[in-house]
Amino acid sequence: MTADMMGEACPFDFNFDPATFKVGDWVSYRVTGSLDGFPFAGVLLEVHDDHVVIAADPEAVDSRMRGTRESRPVVQEADIH
């Protein structure tokens, strides 16, 4: 667990280093459009050289989203299911 800016425990242990991303890592990701500015958490299902595949719910197949490969991946709002 990590602590947030208020010192409270966070239930996720996020990986913010895209060079070390691996399947199963939890990431904090961003979404474009009307959801810009809100934090989201998801698990990496696939890691590629230029993008990642994230699931907000690893048990739900339809929650798969393509994101950029950077410290906090960016997902296009149109890709949110």
Counting only residues that are more than 15 Å from ARG64 (Cβ to Cβ) and charged (D, E, K, R), which one in segment 1-48 is modelled with the lowest pLDDT? ASP4
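Find the residue count for segment 66-81, including only residues that are farther than 18 Å from PHE16 by Cβ and either part of a strand (DSSP E or B) or of a type in the set (S, T, N, Q) (or both). Steps first, answer last, please.
Step one: list which residues in segment 66-81 are farther than 18 Å from PHE16 by Cβ, which gives 66, 76-81.
Applying the additional criterion that residues be either part of a strand (DSSP E or B) or of a type in the set (S, T, N, Q) (or both) yields 66, 76.
Within segment 66-81, residues that are farther than 18 Å from PHE16 by Cβ and either part of a strand (DSSP E or B) or of a type in the set (S, T, N, Q) (or both) number 2.
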Applying the selection to segment 45-64, what residues are surrounded by 18 or more Cβ atoms within 10 Å (Cβ to Cβ) and touching a residue at least 24 places away in the same chain (Cβ under 8 Å)? VAL52, ILE54
When the residues of segment 30-46 are filtered to those that are in contact with a helix residue (DSSP H, G or I) (Cβ under 9 Å, 6 or more places away or on another chain) and part of a strand (DSSP E or B), which remaining residue is nearest to PHE12 (Cα to Cα)? GLY42
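The values are calculated or read from the model by the stated rules, or taken from the named source; none is laboratory data. Because the structure is a prediction, the values reported are computed rather than measured. Here the Cβ is made from the backbone with ideal geometry for all residues, glycine too, and neighbour counts use every protein chain on show.
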